[in-house]
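First the structure, in the form of structure tokens, and then the observations on it.
The values are calculated or read from the model by the stated rules, or taken from the named source; none is laboratory data. Predicted model only: the values in this text are computed from it and were never measured. For neighbour counting, all protein chains shown are included, and Cβ atoms are generated from backbone atoms with ideal geometry for every residue, glycine included. Heavy atoms of the whole protein, side chains included, go into the accessibility calculation; ligands, DNA and RNA do not. Shrake-Rupley method; radii C 1.70, N 1.55, O 1.52, S 1.80 Å.
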Amino acid sequence: MFYDFQQVKKWEMYGIVWIVVIGSLFHFIFDISGKSPIIGAISPVNESLWEHLKMGYFPLLIFSIIEYFYIKNKVKSFFLPKAIGIISMELFIVIVFYTYTYITKKANFIIDICSFILGAIICQLISYSLMKVRINKFLELLGLTVFLLIGYAFIFFTFNPPRLDIFLDPKTKKYGI
């Protein structure tokens with residue numbers, strides 16, 4: 001099997017742009033859809049941090065589905081790197097948000113946008129780096145399972161949010177959809 005990591009690198013860089021652009025559009029599609037619960041399952045339904053994390057996950061999911069068919073034979077692994085990439089992105093955003101809001105006592109959308117963009121870069125760079133590593137089939141399957149479970153959690157908690165700060169809309173003081 002021939003591994004073309006230059007081609008993979010291009011795909012991962014395109015993925016950064018995709019995540020940032022499509023993820024930014026996702027911020028608005030719930031309202032544009034007339035607050036459709038189906039659209040709300042994959043896009044932010046309020047201003048909570050949890051809901052905004054969907055802006056990274058679902059665009060990455062869409063991109064990864066397309067990307068997989070073009071690079072699956074050019075990489076040593078795919079699903080585990082994508083799972084680790086998205087986890088890294090989401091953790092980065094959460095850590096940045098809670099760190100700066102702890103210090104400043106208020107949210108700042110410029111910092112939020114920057115952390116989203118940097119998170120997308122981190123996600124794709126980690127994915128790219130790990131795609132060069134041969135991973136056994138069990139770990140690949142585990143990666144796919146984790147990746148899909150994250151999506152399930154986003155959907156489930158949109159409709160059944162726990163009463164935790166990460167799920168609380170700071171403007172309306174409500175949870176979920």
With 0.36 nm assigned to each residue of separation and the Cα-Cα distance removed, Phe138 to Tyr100 gains 9.8 nm
From DSSP H assignment alone, runs of 4+ in the chain each adding -39500 (n - 2.57), the sum over residues rounded to the nearest 500 puts [θ] at 222 nm at -25000 deg cm²/dmol
Which one is right for this structure if Rg/Rh (Cα atoms, Kirkwood Rh) is calculated from it: (1) 0.94; (2) 0.99; (3) 0.96? (2)
Multiply the residue gap between Asn108 and Phe28 by 0.36 nm, knock off their C-alpha separation, and tell me the result in nm, one decimal place. 27.0 nm
When a/c reaches 1.5 or more, the comparison of a/b and b/c decides; with that in mind, is region 51-97 rounded, prolate or oblate per its Cα gyration tensor? oblate
For Val17 and Lys173, what does the FRET efficiency come to when R0 = 30 Å and r is the distance between their Cβ atoms, rounded to the nearest 0.05? 0.25
Let me know the charge dipole size of the chain about its Cα centre in debye, to the nearest 20, where only the beta-carbon of Lys, Arg (+1) and Asp, Glu (-1) is charged. 260
Find the accessible area per residue for region 7-65; the probe is 1.4 Å, ligands and nucleic acids are left out, and the unit is Å². 43
To the nearest 10 square angstrom, how much accessible area does Met13 have with a 1.4 angstrom probe? 70
Can you work out the FRET efficiency for the pair Asn73 and Leu149, with r the C-beta to C-beta distance and R0 = 30 Å, to the nearest 0.05? 0.70
